[in-house]
Amino acid sequence: MPDTTHPNPGNLGNLPPETHSFVGRRTELARLRAALDPGVGPAARLVSVVGVGGVGKTRLALRAAAEVRDAYPDGVWLAELSPLHTAGLVDLAVMETLRLADQSTRPVTDVIIEWAHGRRLLIVLDSCEHLLADCAKVAAALLSRVPGLRILVTSRERLALPGEEVLHLEPLPVDGHAGDGSDAGDLGAAGDAVALFAERAAAAGRPLSDDDMAGRALAAAVCRRLD
């Protein structure tokens, strides 16, 4: 028998802890929860969060994955693909993410499928844009043979697979009412982008108060310029 083992079956998943409060994205977060959680609605097998670089795809995906963790008794697993620079290694990255060990010469995808058979788990493939074809190939192979598997993707482009549900993520609003569905405080009529700016400024020792109109105006201008 091939040696396919999981060294830590009692503590599944590898999502990193949140180090900052989560600002805005109430509508997008609700949509992802509905797509990923079988207890909320018919769960999608493949969900992709698509948007420009730096728009917050990974942050949103990780928050959504954490909120549906109870729906996946065999774990929610984050495979960070940005360090990969060569095609053909996505399956190996997933196997390492799942902490699997195999001493056989079988295809890596077969090793993952054997372990995942009969399990319910969510895999997050983060930063797929530079390995789209490879990610699509691995995702299609796993989804076709592991009924209990769901995959959440972050990418600048969709994988273009059948049944893929795509959430196009836009930049946080600069104007409007901040704090809707977020953990951050309200900054008057500022939008979520300014609320996020203020939170990061406070963490750096330069807090932006509600009555600092000039500071808020400058923060809004910076956010618009960045967009």
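Data table
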| read-out | value |
| --- | --- |
| For segment 77-86, Karplus couplings with θ = phi - 60° (6.51, -1.76, 1.60), whole Hz, Gly/Pro x | 10, 9, 9, 8, 9, 4, x, 7, 10, 10 |
| Alpha-carbon centroid distance for the pair segment 10-69 / segment 114-157, whole angstrom | 15 Å |
| Cα→Cβ-extended label distance, 7 Å offset, between residue 82 and residue 31, nm | 2.3 nm |
| Surface share of carbon and sulfur [accessible, 1.4 angstrom probe, percent] for segment 70-119 | 50 percent |
| At most 14 other Cβ within 10 Å, DSSP loop - GluC sites (Glu not before Pro), segment 88-172 | 157 |
| Signed unit charges on C-beta, dipole axis of segment 1-154, positive-most listed residue 48, 117, 75 | 48 |
| Enclosed volume per residue, in Å³, of the convex hull spanned by Cα atoms of segment 17-116 | 139 Å³ |
| Cut-off under 5 Å, modelled amide H: who pairs with residue 166 long-range | 48 |
| Kirkwood Rh, angstrom, segment 37-92 [1 / mean 1/r, Cα pairs] | 13.4 Å |
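The values are calculated or read from the model by the stated rules, or taken from the named source; none is laboratory data. Keep in mind that this is a model prediction, so the values were computed, not measured. So basically every Cβ, Gly included, is an ideal-geometry build from the backbone, and we count neighbours across all protein chains shown. Surface areas here come from the heavy atoms of the whole protein model, side chains and all, with no ligands, DNA or RNA. Shrake-Rupley method; radii C 1.70, N 1.55, O 1.52, S 1.80 Å.
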